[in-house]
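This report concerns only the one structure given below.
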Amino acid sequence: MNNKELQIIAHKVRRHALTAVHSAGSGHPGGSLSISEILTLLYFEEMKNLDPKDPSAPNRDRFVLSKGHCSPALYGVLAERGFFSTDLICKFRQIDCCLQGHPSLKDVPGVDMSTGSLGQGICAANGMALSAKLDGKDYRVYSILGDGETQEGQVWEAAMFAAHYKLDNLCAILDFNGLQIDGDITEVMSPLPLDEKFRAFNWNVVLVDAHDFDSLREGFAKARACKGKPTILIAKSVKGKGVSYMENQAGWHGNAPNDEQYAQAIEEINAQIKALGGEI
Amino acid sequence: MAEKKATREAYGEALAEFGEKYDLVVLDADLSKSTKTDTFRKKFPDRFINVGIAEANMMSTAAGIATTGKTVFASSFAMFAAGRAFEQVRNSIAYPNLNVKIGATHAGISVGEDGASHQAIEDIALMRSIPNMVVINPADAYEARGAVEAAILHNGPVYLRFGRLAVPYVNDKDYKFELGKGVTLADGKDVTIIATGLMVGEALGAREVLEKEGISARIINIHTIKPIDKDIIIKAAKETGHIVTAEEHNIIGGLGSAVAEVLSENYPVKMSRVGIEDIFGKSGKPQCLLEEYGLTASNIVSRVKKLLGK
Ligand SMILES: Cc1ncc(C[n+]2csc(CCOP(=O)(O)OP(=O)(O)O)c2C)c(N)n1
Ligand SMILES: [Mg+2]
């Protein structure tokens, strides 16, 4: 798939995320929009041996959304990839729908780990990567962390563990959007500098642009090439990316758009799809 | 019953109000707009500390501040305050018996859409099993305000459990909160319904239905789950012979268990526990979840009838 085709899918993922949150009347649009390109490249190119008809195939690459509140984007990409029907998206968070507010391993096809409590997903990803090593298997494990999430001490316990056990089959991606719920990460509780911290923890650190497929692709290639160390892609992103009034606004972390705002958001995303020659 | 207010809302307002009168420091972990400690922050920015998304760190830091003589409130969602940071609460706060008040919001399944990962149904059990810890679960906004002041005046750790959902008032405006004292909201002779938190309103609803069917139910609100008011429970058992408990919590380890402990050692009578039947919650509208999990007046009514053999 070329970058243009991938970009069209990424925008469709955005549209699903917005539809999910709007129809539920709650959920997390900001951090979902910032990871659409990352998820699209992972599920449509980077991750191997995925089979929507057999979501628990033993040799598949795994993905853990450590910042589990961004389930709308994960569900969007899983639906686009065929793990379940896109019709489910508008039932997100409803009592009779499997699409739980936060990713649930036992409920949602294609979800590899239950998350939602920040800091825990990256540890579970370590466990999966370690298990592959124990079994001599060559599947890889990917995990997206939030930048605010790195304030959890458990993240640094995981950072130490992954380097100590030389988990070079693990690739973490840090969604560096600069915002958390109460505002700018540097004002709430600065975790910076993140690159130097992970380097000091003996990780292979690669800086990438979260909205540029070539940059992300190069990052994933560097991660594969690096032996004896885990890799983290520090992905500079825009929270709320793709919807003008949501971009870089902490207020859109966990709020649903009203009908009018939703209509405008969809219009903006559709215009971007059209500009790429895609069908709406 | 028309007017409603969330207990977390009252919590934030109470902190801002009592911040005038008492030397308080308030800590939060990146959830101040949801826990409502934001209301305090706006008024006393210098006495508000955001620790970032780091609940374990928050609890032990709160303990350290409390050793210097200040009263500290530490807030997050109940899942992270009681769950994530359990051992810090136990060893840094309760063991040295420090003046840290844990303001835990978004407790129970009435959290709604966020789903099971965010619905604390074990927090009462966890907190009440820690020595020195006082556990309070207010039923309405007036009670929440009173509980905050009582927690400030109490010397030692207190766990305050608040809800996300707006709930009706069950008390009067001039209600006086008394730590450790159950409240008889209505008298009755056939059965006593002992409820806590948002289930108090449901218990009162159940009483009306039962009355029409010729069953007279006493209603007791237990806001302080620990130390529990043994006298009011034993008296109810003696006078009404049957006890039904109702709580928005797992039936294991919460109010129902605490009441059963009192009765089995003092005056055993037939009882039935209404609560979450040892299963995880899920996403959905709060009201739909409360119905699906049996946390309603009508489920209390059917439990009462079953217990009385009617
Ligand atoms: C342990 C824990 N504490 C608190 C929360 C509540 N919470 C949900 S999202 C969030 C902010 C996350 O910020 P960040 O990691 O930067 O995510 P992003 O900006 O990518 O949405 C918080 C505090 C949680 N889910 N888990
Ligand atoms: Mg962020």
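The values are calculated or read from the model by the stated rules, or taken from the named source; none is laboratory data. Because the structure is predicted, anything quoted here is derived from the model rather than measured. Positions of Cβ are generated from backbone atoms using ideal geometry, with glycine treated the same way; all protein chains shown enter the neighbour counts. The accessibility values were calculated without ligands, DNA or RNA, using every heavy atom of the protein model including side chains. Shrake-Rupley method; radii C 1.70, N 1.55, O 1.52, S 1.80 Å.
Do you know which of the residues in segment A:119-141 that are without any contact (Cβ under 8 Å) to a residue 24 or more places away in the chain and not small (Gly, Ala, Ser) is farthest from ligand 1 (Cβ to nearest atom)? So that I can check it myself, show each step before the final result.
Filtering segment A:119-141 down to residues without any contact (Cβ under 8 Å) to a residue 24 or more places away in the chain leaves A:127, A:131, A:134-136.
If we keep only those that are not small (Gly, Ala, Ser) as well, we get A:134-135.
Values: A:LEU134: 28, A:ASP135: 30 Å.
Only one residue tops the list, namely A:ASP135.
Among the residues of segment B:269-299, write down those that are surrounded by 15 or more Cβ atoms within 10 Å (Cβ to Cβ), under 21 Å from B:VAL259 (Cβ atoms) and over 19 Å from the mean Cα position of the chain (by Cα).
B:VAL269, B:MET271, B:SER272, B:ASN299 - these are the residues of segment B:269-299 that are surrounded by 15 or more Cβ atoms within 10 Å (Cβ to Cβ), under 21 Å from B:VAL259 (Cβ atoms) and over 19 Å from the mean Cα position of the chain (by Cα).
Hey, B:LEU15 hits all of (1) surrounded by fewer than 23 Cβ atoms within 10 Å (Cβ to Cβ); (2) in contact with a helix residue (DSSP H, G or I) (Cβ under 8 Å, 6 or more places away or on another chain); (3) farther than 21 Å from A:GLN180 by Cα but one; which does it fall short on?
Evaluating B:LEU15 over (1) surrounded by fewer than 23 Cβ atoms within 10 Å (Cβ to Cβ); (2) in contact with a helix residue (DSSP H, G or I) (Cβ under 8 Å, 6 or more places away or on another chain); (3) farther than 21 Å from A:GLN180 by Cα leaves (1) as the failure.
Could you check segment A:184-228 and list, in sequence order, the residues that are under 13 Å from A:ALA172 (Cα atoms) and among the aromatic types (Phe, Trp, Tyr)?
A:PHE198, A:TRP203, A:PHE220, listed by residue number.
Which one of these does B:ALA74 not meet: (1) away from chain A (no Cβ under 14 Å); (2) open to solvent by 10 Å² or more (accessible area, probe 1.4 Å)?
It is condition (2) that B:ALA74 fails.
Among the residues of segment B:93-112 satisfying the criterion of being away from chain A (no Cβ under 14 Å) and in a helix (DSSP H, G or I), which is surrounded by the fewest Cβ atoms within 10 Å (Cβ to Cβ)? Please lay out each step first, then the result.
Just the residues of segment B:93-112 that are away from chain A (no Cβ under 14 Å), to begin with: B:93-104, B:107-108.
Still in the list and also in a helix (DSSP H, G or I): B:93-94.
Numbers: B:ILE93: 29, B:ALA94: 22.
Top of the filtered list is B:ALA94.
Which fully enclosed helices (runs of 4 or more DSSP H) of segment B:226-310 have 1 or more residues being hydroxyl-bearing (Ser, Thr, Tyr)? Full working, then the answer.
Details: elements: B:230-240, B:255-266, B:286-292, B:297-307.
Those helices (runs of 4 or more DSSP H) span B:230-240, B:255-266, B:297-307.
Scan segment B:27-54 for residues that are within 16 Å of ligand 2 (Cβ to nearest atom) and either of a type in the set (Val, Ile, Thr) or more than 18 Å from A:GLY148 (Cα to Cα) (or both) and jot them down.
Selection gives B:ILE53 alone.
Let me spell it out: the conditions are (1) at the interface with chain B (Cβ under 9 Å from one of its Cβ atoms); (2) closer than 14 Å to A:ALA17 by Cα, and A:GLN94 meets all of them except one. Which number is the exception?
(2)
Being of a type in the set (Val, Ile, Thr), within 14 Å of chain B (Cβ to nearest Cβ), within 15 Å of ligand 1 (Cβ to nearest atom) and open to solvent by less than 30 Å² (accessible area, probe 1.4 Å) narrows it down to one residue among A:ILE232, A:ILE173, A:ILE185, A:ILE144; which is it? Break it down stepwise before answering.
Values: A:ILE232 fails: within 14 Å of chain B (Cβ to nearest Cβ); A:ILE173 fails: within 14 Å of chain B (Cβ to nearest Cβ); A:ILE144 fails: within 14 Å of chain B (Cβ to nearest Cβ).
Within the list A:ILE232, A:ILE173, A:ILE185, A:ILE144, the selection yields A:ILE185.
So which of A:PHE63, A:PHE92, A:PHE84 is over 17 Å from the mean Cα position of the chain (by Cα), more than 16 Å from ligand 2 (Cβ to nearest atom) and open to solvent by less than 10 Å² (accessible area, probe 1.4 Å)? Before the answer, list the steps.
Working: A:PHE63 fails: over 17 Å from the mean Cα position of the chain (by Cα); A:PHE84 fails: open to solvent by less than 10 Å² (accessible area, probe 1.4 Å).
Residue meeting the stated conditions: A:PHE92.
Of the conditions (1) under 29 Å from B:ALA120 (Cα atoms); (2) in contact with a strand residue (DSSP E or B) (Cβ under 8 Å, 6 or more places away or on another chain); (3) not assigned by TED's automatic domain parsing to the domain that holds B:HIS118, B:PRO157 clears all except one; give me its number.
So B:PRO157 meets the others, but not (3).
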